[in-house]
Amino acid sequence: MPERTETESRKLLGRLRAALAETTAGQARLDRIVALIAESMQTEVCSIYLFRDAETLELCATRGLESASVHKTRLRLGEGLVGRTARTRQIVNTANAPAARGFRYMPETGEERYSSFCGIPIQRLGDALGVLVVQSRAAREFTADEVYALEVVAMVLAEMTELGAFVGDGAALSARHQQPVMFRGTVGQEGAVEGRVYLHEPRVVVTNPISDDPDRELIRLREAVDTLRRTLDDILATATSIDPEQAQVLDAYRMFANSRSWMRRMEDDVANGLSAEAAVEKEQSLARSRMGQAGDPYLRDRLHDLDDISNRLLRILTGQGQDTGAAMPDNPVLVARNIGPGELLEYGKALRGIVLQEGSVGSHAAIVARAWAIPLVIHAEGIATEALNGDTILVDGDQGIAHLRPDEAVKKAFGEKIAMQARAQERYVSIRDLPAQALCGSTVALHMNAGLMADLPSLQGSGAEGVGLFRTELQFLVRNQMPRRAELSALYARVLDAAQGKRVAFRTLDIGSDKVLSYMKPNDEPNPAMGWRAIRVGLDKPGVLRMQLQALIRAAAGRPISVMFPFIAQADEFRAARAEWDKALARERILGHPLPERAEIGAMLETPSLAFASETFFGEVDFLSVGGNDLKQFFFAADRENERVRRRYDTLDTGFLTFLESIVARCDRAGTPLSFCGEDAGRPVEALALAALGFRMLSMRPASVGPVKHLLRRVRLDEARAVIDAARAAGEQSARGRLMDWLGGLG
Ligand code: PEP
Ligand code: MG
């Protein structure tokens, strides 16, 4: 076989482009392509195997093997040389195939004993799609140049399948992004909704894998890389003076952007006929497949950087920026790898559902979704690559399942589920104006958590008695710049107006941890949840805290007001914060503003340390509110955002319940009003346990008020308490089992 030259690879791509431009579609097109490769490479056999499912490859087109075996011959992942290529995602190139490890003879293909075999993985952005194979009778290894040409072809093939080019008889790829897929994830927020996919960060779609003018493509590539380098230099120039750690990461990016070998590989690809975008994507694919295999975390991180750099470059080349211009469909369901609370807030309440590939129940993005009562499924492995904008999707927040492109039967069953939920809602509406009074006579005040103006209408709709937690940071997160005092004061005044005299507990800014303000200097900390956040920032840099307190006083305009400070770990922090409040009052008085008729100044109990503060402290605070999300993470030393550890510990753990009970007892002794405002307050069984332990005020997302009240009104709290006591007496780890049995017994 003659040595290929780069020009010949280019010729092959040129022919491929011509073939793609032809009107043939589906199988005919696939057949045309294998024939073209075989002729061009002068091999007896060229075949394409595609994944039918995660474990099976199917022969989808061949030139040279028995045509009757197309769509019949199947191989398991790892079986034979084809399966080996697919499993290892490494090229297998051998002159003596029968002697190679894993060789399997497939008589049904009518295959002769071909000596040479070259298998190239077909993959797109780390997604294995299949294997491209050439075989020849002559015993020879394919040259580096031939292998290179095949790699490029494989890449073009991957792009074509992405575009849905093969709509063939059972060809697995034709079904990619078309078939129904079910994703089993984790419950983030209950509820069921049908909608259409709206991708948070849509992949850049490369529509022109092959170029007709390599010289022009080369210029485009170089210009784009120049732009990329300049942007990185610019960011770096500012970043160095601000944050050395961020600068380090950017430096690594710049290293890649200046890497000669990276550039050379892409230039070669372009010279051989790939478009600039396709060349970048080829590198990105390579990085992704290596990323999946790299055991060393450092190496994985660097490959991740390379992946990110490629993305930036693709966006420059395609001019797509972050915004690909896709219009938001009706009933949008946001699909993303992950999302921060600020980004989520930018979408507003238009979203009907959210499905995340990663994410965690304890994150603030999840809290926002919960506040909006939007069904949320997290840990839906692979959804961000499988879903396309506009796909139909059913989000089953109760089961933690998402059905992408569901068939009619699933859709019908789902419709019934939605109707059932609507009926439950009606039930909750019927008890909306009744108190959450248990059968034993004890009453629990149910309040709601809020943070946005848009939450306030729920105060009437849900039947909540007030706002037990107003997360003021959400207002800061939705903006691109620090809000001004006048804006804040106007907003808080509107909140108080909307509350119509009901109590609103404004929590001062809890920034830090996963709540990051784009306009504040990023603060890379090893453990942000335990870092410089909330009141720690407020006391160290009191400017914003003072502004907030003034805004609250002005908003109250003489009305009563409740303020609480987040993340108070010791009495002195509360005292310092309260001193700020007193100073603010004094200043406002001098300025002639009316002072609140009454002010309650409380603290959030979110660290175990505060539960052990002195009696004096318990007497000093006007009220305490347990921030169960944080308290639980610090009690068990289990990151609330880390699903792996978070789920190990039950809120109904008998030790945790005993700890909470001791807080109730201390507040009772000191006569300090106490509430619980973590997410657990909104889960009926957890809420029941809290009430049984003596919590008489619970604050939760609005949608939980109905279900929690419904349960509380049907039980005796003293009996629930006895069940918890029995679990403790029996030395059980969690009271959940007994509580559920008891509830089951009650029907
Ligand atoms: C909590 O920690 O329980 C809490 C209510 O505050 P956040 O979730 O905003 O940290
Ligand atoms: Mg908290």
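In this structure, is A68 assigned to a helix (DSSP H, G or I) and open to solvent by 40 Å² or more (accessible area, probe 1.4 Å)? Criteria met by A68.
Checked against (1) within 16 Å of ligand 2 (Cβ to nearest atom); (2) of a type in the set (S, T, N, Q); (3) more than 25 Å from F676 (Cα to Cα), T472 meets all criteria but (3).
If you go through region 245-255 one residue at a time, do you hit one that is more than 17 Å from E281 (Cβ to Cβ), loosely packed, with under 14 Cβ neighbours inside 10 Å and at pLDDT 70 or above? So far as region 245-255 goes, no, none of its residues is more than 17 Å from E281 (Cβ to Cβ), loosely packed, with under 14 Cβ neighbours inside 10 Å and at pLDDT 70 or above.
The condition of being more than 22 Å from A144 (Cα to Cα), assigned by TED's automatic domain parsing to the domain that holds L150 and open to solvent by 10 Å² or more (accessible area, probe 1.4 Å) does not hold for Y114. Hey, does region 590-601 have a residue that's touching a Pro at 6+ places or on another chain (Cβ under 9 Å) and open to solvent by less than 10 Å² (accessible area, probe 1.4 Å)? No - not one qualifying residue is present in region 590-601. Among the residues making up region 463-487, those that are modelled with pLDDT under 95, open to solvent by less than 20 Å² (accessible area, probe 1.4 Å) and not in a loop (DSSP other than H, G, I, E, B) are R471, E473, L474, Q475, F476, L477.
Does any residue of region 538-548 turn out to be within 16 Å of ligand 1 (Cβ to nearest atom) and over 30 Å from Q460 (Cα atoms)? So far as region 538-548 goes, yes, one or more of its residues are within 16 Å of ligand 1 (Cβ to nearest atom) and over 30 Å from Q460 (Cα atoms). Scanning region 212-239 for residues that are modelled with pLDDT of 85 or more and hydroxyl-bearing (S, T, Y) yields one hit, T227. Could we say that N523 is within 16 Å of ligand 2 (Cβ to nearest atom) and open to solvent by 10 Å² or more (accessible area, probe 1.4 Å) here? The answer is no for N523.
Here's the yes/no breakdown for (1) out of contact with any Asp or Glu (no Cβ under 9 Å at 6 or more places or on another chain); (2) within 16 Å of ligand 2 (Cβ to nearest atom); (3) part of a helix (DSSP H, G or I); (4) not assigned by TED's automatic domain parsing to the domain that holds L474:
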residue: E346; (1), (2), (3), (4): yes, no, yes, yes
residue: I354; (1), (2), (3), (4): yes, no, no, yes
residue: R370; (1), (2), (3), (4): no, yes, yes, yes
residue: I374; (1), (2), (3), (4): yes, no, no, yes
residue: T385; (1), (2), (3), (4): no, no, yes, yes
residue: L388; (1), (2), (3), (4): yes, no, no, yes
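Using beta carbons and a limit of 7 Å, which pairs, at least six apart or on different chains, have the first residue in region 267-292 and closer than 13 Å to Q123 by Cα and the second one at pLDDT 75 or above and basic (K, R)? These pairs meet every condition: E283/R265; S289/R89. Summed over region 636-672, the residues that are outside any loop (DSSP other than H, G, I, E, B) and either modelled with pLDDT of 95 or more or away from ligand 2 (no atom under 16 Å from the Cβ) (or both) give a count of 21.
Annotation: L509 fulfils all but one of (1) within 23 Å of R640 (Cα to Cα); (2) modelled with pLDDT of 95 or more; (3) open to solvent by less than 20 Å² (accessible area, probe 1.4 Å); the unmet one is (3).
Of L652, L657, L688, all but one fail to be surrounded by 19 or more Cβ atoms within 10 Å (Cβ to Cβ) and touching a strand residue (DSSP E or B) at 6+ places or on another chain (Cβ under 8 Å); the exception is L652. Take the conditions (1) open to solvent by 10 Å² or more (accessible area, probe 1.4 Å); (2) aliphatic (A, V, I, L, M); (3) farther than 24 Å from Q179 by Cα; A97 misses just one of them, which is (1). Of all the residues in region 563-580, those that are open to solvent by less than 10 Å² (accessible area, probe 1.4 Å) and either under 17 Å from D540 (Cβ atoms) or polar (S, T, N, Q) (or both) number 6. Selection of region 491-503 for residues being in a helix (DSSP H, G or I) and loosely packed, with under 14 Cβ neighbours inside 10 Å yields R494, D497. Among the residues of region 1-19, those that are at pLDDT 65 or above and either open to solvent by less than 30 Å² (accessible area, probe 1.4 Å) or outside any helix (DSSP H, G or I) (or both) comprise S9, L12, L13, G14, L16, A19. Which count do you get for residues in region 504-521 that are within 11 Å of ligand 1 (Cβ to nearest atom), over 15 Å from F565 (Cβ atoms) and part of a loop (DSSP other than H, G, I, E, B)? Summing the residues that are within 11 Å of ligand 1 (Cβ to nearest atom), over 15 Å from F565 (Cβ atoms) and part of a loop (DSSP other than H, G, I, E, B) in region 504-521 gives 2.
Cβ-Cβ contacts under 7 Å between residues 6 or more apart (or on different chains), taken from a first residue in region 562-578 that is over 22 Å from F470 (Cβ atoms) to a second residue that is open to solvent by 10 Å² or more (accessible area, probe 1.4 Å) and small (G, A, S), are listed as Q570/S609; Q570/A613; A571/A613; A571/S614.
Identification of strands (runs of 3 or more DSSP E) wholly contained in region 522-635 with 1 or more residues that are aromatic (F, W, Y) yields 561-568, 623-626. Does R647 satisfy the criteria of being surrounded by fewer than 17 Cβ atoms within 10 Å (Cβ to Cβ) and within 33 Å of the chain's Cα centre (by Cα)? So R647 fits the description; yes. Considering (1) part of a helix (DSSP H, G or I); (2) open to solvent by less than 40 Å² (accessible area, probe 1.4 Å), the lone condition that V715 does not fulfil carries the number (1). Only residues that are closer than 17 Å to T658 by Cα and within 16 Å of ligand 1 (Cβ to nearest atom) were counted across region 596-624, and they come to 7. Among the residues of region 660-679, just one is open to solvent by less than 20 Å² (accessible area, probe 1.4 Å) and under 22 Å from the mean Cα position of the chain (by Cα), namely G678.
The values are calculated or read from the model by the stated rules, or taken from the named source; none is laboratory data. Note that this is a predicted model, so its numbers are computed, not measured. Note: ideal-geometry Cβ built from the backbone for every residue, glycine included; neighbour counts use all protein chains shown. For accessibility, only protein heavy atoms count, side chains too; no ligands or nucleic acids. Shrake-Rupley method; radii C 1.70, N 1.55, O 1.52, S 1.80 Å.
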